[in-house]
Each structure stands twice: as C-alpha cells, then as structure tokens.
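Asks: First the structure, then my questions, so here it is.
The values are calculated or read from the model by the stated rules, or taken from the named source; none is laboratory data. Model, not experiment: these values are computed from the prediction. Here Cβ is always computed from backbone atoms with ideal geometry, including for glycine, and neighbour counts include all displayed protein chains.
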Amino acid sequence: MSKLTRRDFAKRVGLAALFAPFMSLVNRAPASAAALGKAKYLLIFYTNGTDPKAWTPAGSTLNNIVFSTMTQTLSPLLANLVLVEKLSSNGSADNHAAPGGLTGQGYSGQSRVSIDQFVADKLKAAGVTTPIPSLVLGSVASQQQNSFFRNNQPLSPIFSPVAAYDAIFGSVAGVSPNLLQRRKSALDLVNTELKQLSSQLDSEGRQKLELHADSIRAVEGRLSGGASGSGGGSCASGTRPAAATQDLLASVTHLDLAVTAFSCDITRVAAVQFGHDQSTQVAIDEVGNKGDWHNDYIHSDNPRTRLANLERWLGEQFVAAATKLKALPAPTGGGTLFDQTLMVWARNMGDAVAHNGSDMRFVFSGGAGGYLTTSPTGRYIDGGGDAHQRALCSAAAAMGITSFDGFGDANFARTPLDSIGK
C-alpha cells in the first residue's frame with residue numbers, strides 16, 4: 001500500500017473531514033413556517049471554565065445584577081440578561097473537555113447527545129426543517145473533541161471559517177443531482193483514503209482520524225438525490241472570509257457566520273466554540289500578554305488578570321452577536337432576529353482553576369420570543385446546587401420542547417429551571 005503524504009492528505013480528504021458532521025445540509029427542504037415554541041433560533045456560545053470567585057456578581061439579588069469585573073462587559077444587554085451560577089454537573093464536567101458540559105453525562109454515559117443536537121432533532125420531528133439542521137463551529141482543530149455529541153459519538157466542529165462559509169452559504173443556491181452524486185462519490189473516496197492513512201498513524205492519530213471517518217459514515221445514509229429548494233429566500237451572505245490562523249479570532253468569524261445563517265433561515269440551531277482543553281493560545285491585544293489559556297491564564301497567573309481580561313473580551317463578543325441579531329429582521333414573523341433568538345453562554349466546566357464542575361454558570365439573553373423572565377436591572381440566579389442539565393433543558397423549553405426524555409442523566413431532574421423562563 002502506497003503512503004500518503006501530509007500534503008496529499010490535506011488536498012484529497014481534509015475538506016471532507018471538516019464537513020463530515022454537516023453534510024446533512026444537502027437535505028434542502030425549506031423551513032417550516034410554523035413555530036414550535038416561543039423562540040425560533042438557539043445560539044450556543046461555548047467556552048472553557050472560569051474563576052468563580054472573580055466571575056460571581058457582587059451583592060446581587062434575584063432581580064438585580066451588580067456586575068463583577070469579569071461580567072461587566074455584558075451590561076449592554078442588562079434588560080435581557082439572566083446570569084445563573086451554582087449549578088452542579090454532578091461529576092459530568094469536572095475537567096477540561098469533559099463531555100458533560102452540553103450533554104449532562106460524563107465519560108460513562110451511554111446515550112450522550114449535546115443540547116444543540118437534541119433540540120435540532122426535536123425541531124425536525126415537529127416538522128421544522130431547514131437546509132442545515134444544526135451548525136457546530138469553532139476553531140479548535142488541534143484537540144480531540146468531547147463537547148458536541150450525537151448518538152453517543154463526538155462531533156467535530158467545522159474548524160475553518162472559509163470552510164464554514166462554503167458549507168453554509170453553498171446551501172442557499174440549491175444542489176443539482178449531478179453535484180450531489182459527486183459528493184457521494186467523494187465520500188466513498190475519502191473513506192478509502194482515511195483507512196489507508198489510519199495504518200500509518202499512531203494510536204492517538206488513529207483515534208482522531210476515526211472520529212472524522214465515523215462522522216462521514218454517519219451522514220452518507222442521509223444523502224438523497226434530486227433535492228432542491230433554498231434556506232430562506234433572499235438574504236445577504238456577506239463576504240467569504242479570508243483564512244484565519246488565530247483560534248479565538250477565527251471563532252469570532254464563526255459567530256458572525258452563525259448569525260447570518262439565522263438571518264437566511266438556513267438553520268435554527270447553531271453552536272460556536274471558543275477555545276478547547278489545554279491548547280488554545282491567546283494573542284489578543286485587549287487581553288494582554290499572549291499565552292496559553294489553560295497553563296498560563298488559568299493556572300500560572302495570580303491574580304488572574306489576563307483571565308479576567310479574556311472573560312471581558314468574550315463578553316464583548318457575546319454582546320456583538322446580540323447587536324447584530326438586533327440589526328437583522330427576522331426571516332419569519334415580525335421583529336428582529338434578537339426578538340426570536342435565545343442566546344446561551346455555556347461552559348465545559350465551572351471552576352477551571354480547581355477543575356471542578358460543582359459550580360456551573362450560564363448566561364441567557366435574547367428576546368427568545370418572550371420566553372425569558374427578565375428585569376430592567378437584569379436577573380442573577382443562585383442555582384443552589386441544582387443539576388446544570390436543567391439549565392440546558394431550559395434552552396430546549398424556550399424552543400417549545402416539552403419532553404426531555406433521552407437528554408442528560410436520568411438520575412437527575414430533566415426539567416427546565418422554573419426561575420429562567422415562562
């Protein structure tokens with residue numbers, strides 16, 4: 001068997017591997033006009049854990065946020081902001097890249113599904129179909145992925161903003177049967193070459209490669225010929241992004257692409273991951289001296305000034321996405337995209353300093369179709385050690401989902417938090 005060079009592999013299979021979990025976009029049925037729940041769009045903003053003592057709002061009450069230094073950049077959203085902390089992952093999110101952050105289940109879970117995939121499946125079952133059922137984006141290509149799950153298998157985000165743009169907005173124009181057939185043939189070729197390459201890798205390399213191969217196999221059965229249609233009529237897809245090399249700045253581009261995809265009604269569910277595990281290098285002027293998010297910002301600095309600056313920067317990106325949602329008309333119904341979108345800032349653990357998931361925290365925002373219980377001065381909620389999967393169930397409830405069977409850990413409550421929405 002001839003050997004594949006790195007260059008040959010990149011040319012011949014790299015793009016397909018990136019697109020593997022998202023090839024269901026070739027199902028071109030237009031989105032249903034019917035809304036399942038109050039919110040029509042779910043945007044998940046996903047990051048690493050933080051320093052709880054520095055993050056916690058100071059002197060807050062249920063209906064009043066007194067921002068900490070870390071959370072102050074969220075203040076422009078005050079009237080549509082709910083901060084929640086002191087929720088427990090019950091051991092499912094006690095380390096970086098632990099799978100419980102979005103699934104509620106740890107490494108021993110047998111039916112793991114992340115909340116984004118759970119919601120997308122429920123919408124599809126209710127007849128709300130879009131060209132792309134869900135988007136998973138994020139420039140974290142250097143690590144094995146353990147955040148997003150479907151059918152108990154991890155999904156890889158689309159890493160490249162350029163690849164993400166092509167995957168999302170290539171769907172708007174529709175797909176001819178000939179192009180679909182070429183895609184199917186390309187997948188067959190990719191599988192063959194992935195198997196060939198696997199024999200030339202070490203065990204860690206094979207594990208990462210098999211994840212991509214499994215994703216490709218999973219989507220092959222969903223390809224069908226002759227599909228047509230578009231994802232929301234006329235919409236502005238914007239400019240195709242240039243190649244980006246810095247992980248976190250690339251995720252900013254991914255976030256912008258996710259919002260634009262909502263404006264075209266190409267998808268109703270999108271997740272964007274900022275950073276991953278122990279390998280994300282941070283080189284952002286507003287944050288300070290560059291370094292490694294995990295080793296430097298979380299564990300080496302004391303006081304953790306750079307971590308506080310990074311959290312403030314992340315808050316600015318969250319607010320920027322909300323600002324864009326407010327500026328875009330909703331593609332279905334009245335009002336703006338912000339009016340119809342639930343934004344959720346979730347994390348892979350709570351206390352990143354101690355590597356502990358007993359104090360998970362969330363940020364909820366967006367008009368969410370009126371689902372969120374809000375206050376003009378913001379709302380801060382002490383979860384009192386309740387299961388963090390209940391906050392994830394609240395995200396699903398905002399989208400009109402009433403049955404949470406199959407999500408999270410059955411040993412803990414599978415119900416929304418009463419204090420978040422209505």
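Asks: Checking residue 118 against (1) of a type outside the set (Ser, Thr, Tyr); (2) under 30 Å from residue 304 (Cα atoms); (3) at pLDDT 90 or above, only one condition comes out false. Which one?
Replies: Tallying (1) of a type outside the set (Ser, Thr, Tyr); (2) under 30 Å from residue 304 (Cα atoms); (3) at pLDDT 90 or above, residue 118 fails exactly one: (2).
Asks: Please enumerate the residues belonging to the stretch 379-400 that are surrounded by fewer than 21 Cβ atoms within 10 Å (Cβ to Cβ) and assigned to a strand (DSSP E or B).
Replies: Correct list: 382 only.
Asks: Specify the residue that is surrounded by the fewest Cβ atoms within 10 Å (Cβ to Cβ); the eligible residues are those in the stretch 261-294 that are free of Cβ contacts under 8 Å to residues at least 60 places away in the same chain and out of contact with any Asp or Glu (no Cβ under 9 Å at 6 or more places or on another chain).
Replies: Across the stretch 261-294, the extreme among qualifying residues is 285.
Asks: Still on this structure: Which condition from (1) in contact (Cβ under 8 Å) with a residue 40 or more places away in the chain; (2) more than 19 Å from the chain's Cα centre (by Cα); (3) assigned to a loop (DSSP other than H, G, I, E, B) is the one that residue 39 breaks?
Replies: With respect to (1) in contact (Cβ under 8 Å) with a residue 40 or more places away in the chain; (2) more than 19 Å from the chain's Cα centre (by Cα); (3) assigned to a loop (DSSP other than H, G, I, E, B), residue 39 is out only on (2).
Asks: For residue 75, only one of the following conditions fails: (1) surrounded by fewer than 18 Cβ atoms within 10 Å (Cβ to Cβ); (2) of a type in the set (Gly, Ala, Ser); (3) farther than 30 Å from residue 375 by Cβ; (4) in contact with a Phe, Trp or Tyr (Cβ under 7 Å, 6 or more places away or on another chain). What is its number?
Replies: Here residue 75 clears every test but (3).
Asks: Which number in (1) at pLDDT 95 or above; (2) aliphatic (A, V, I, L, M); (3) in contact with a strand residue (DSSP E or B) (Cβ under 8 Å, 6 or more places away or on another chain); (4) in a helix (DSSP H, G or I) marks the one condition that residue 248 misses?
Replies: With respect to (1) at pLDDT 95 or above; (2) aliphatic (A, V, I, L, M); (3) in contact with a strand residue (DSSP E or B) (Cβ under 8 Å, 6 or more places away or on another chain); (4) in a helix (DSSP H, G or I), residue 248 is out only on (1).
Asks: Mind listing just one residue for me: the one in the stretch 272-324 that is among the acidic types (Asp, Glu) and not in a strand (DSSP E or B) and, of those, nearest to residue 70 (Cα to Cα)?
Replies: Let us first name the residues in the stretch 272-324 that are among the acidic types (Asp, Glu), namely 277, 285-286, 292, 296, 301, 311, 316.
After this cut, where a residue has to be not in a strand (DSSP E or B) as well, the list is 277, 285-286, 296, 301, 311, 316.
Values: 277: 21, 285: 17, 286: 13, 296: 17, 301: 15, 311: 6, 316: 11 Å.
Among those residues, the one meeting the criterion is 311.
Asks: Find all pairs meeting these conditions: Cβ atoms under 7 angstrom apart; at least six residues apart or on different chains; first residue within the stretch 113-128 and more than 17 Å from residue 146 (Cβ to Cβ); second residue of a type in the set (S, T, N, Q) and not in a helix (DSSP H, G or I).
Replies: Listed by first residue and then by second, the contacts come to 120/134; 127/32; 128/32.
Asks: Show the residue pairs that are 6+ apart or on different chains and have beta-carbon atoms under 9 Å apart, the first residue being within the stretch 301-316 and touching a residue at least 24 places away in the same chain (Cβ under 8 Å) and surrounded by fewer than 22 Cβ atoms within 10 Å (Cβ to Cβ), the second being of a type in the set (Asp, Glu) and in a helix (DSSP H, G or I).
Replies: From the stretch 301-316, the pairs are 306/296.
Asks: Do the conditions hold for residue 354, that is, is it without any contact (Cβ under 8 Å) to a residue 12 or more places away in the chain and either over 21 Å from residue 312 (Cβ atoms) or part of a loop (DSSP other than H, G, I, E, B) (or both)? Even if it seems obvious, please write down each step before you answer.
Replies: Values: without any contact (Cβ under 8 Å) to a residue 12 or more places away in the chain: yes; either over 21 Å from residue 312 (Cβ atoms) or part of a loop (DSSP other than H, G, I, E, B) (or both): yes.
Yes; evaluated as a whole, the condition is true for this residue.
Asks: Let me ask something additional. Residue under question is residue 376, and the condition is that it be more than 23 Å from residue 53 (Cβ to Cβ), part of a loop (DSSP other than H, G, I, E, B), in contact with a Ser or Thr (Cβ under 7 Å, 6 or more places away or on another chain) and not charged (D, E, K, R); does it hold? It would help to see each step written out before you state the result.
Replies: Working: more than 23 Å from residue 53 (Cβ to Cβ): yes; part of a loop (DSSP other than H, G, I, E, B): yes; in contact with a Ser or Thr (Cβ under 7 Å, 6 or more places away or on another chain): no; not charged (D, E, K, R): yes.
In short, no.
Asks: Restricting to the stretch 123-136, name every residue that is outside any loop (DSSP other than H, G, I, E, B) and in contact with a helix residue (DSSP H, G or I) (Cβ under 7 Å, 6 or more places away or on another chain).
Replies: Of all residues in the stretch 123-136, those outside any loop (DSSP other than H, G, I, E, B) come to 123-125, 135-136.
Hits for the stretch 123-136 are 135, 136.
Asks: Let me ask something else about it. Can you find even one residue in the stretch 352-369 that is among the acidic types (Asp, Glu), surrounded by fewer than 24 Cβ atoms within 10 Å (Cβ to Cβ) and within 18 Å of residue 275 (Cα to Cα)? I'd like the intermediate steps shown before the answer.
Replies: Filtering the stretch 352-369 down to residues among the acidic types (Asp, Glu) leaves 359.
Among the residues that remain, those that are also surrounded by fewer than 24 Cβ atoms within 10 Å (Cβ to Cβ) are: 359.
Checking which are within 18 Å of residue 275 (Cα to Cα) leaves us with none.
The answer is no, given that none of the residues of the stretch 352-369 is among the acidic types (Asp, Glu), surrounded by fewer than 24 Cβ atoms within 10 Å (Cβ to Cβ) and within 18 Å of residue 275 (Cα to Cα).
Asks: A further question follows. Being of a type in the set (Asp, Glu), touching a Lys or Arg at 6+ places or on another chain (Cβ under 9 Å) and farther than 22 Å from residue 129 by Cα is the requirement here; does residue 286 meet it?
Replies: When the stated conditions are applied, residue 286 passes them.
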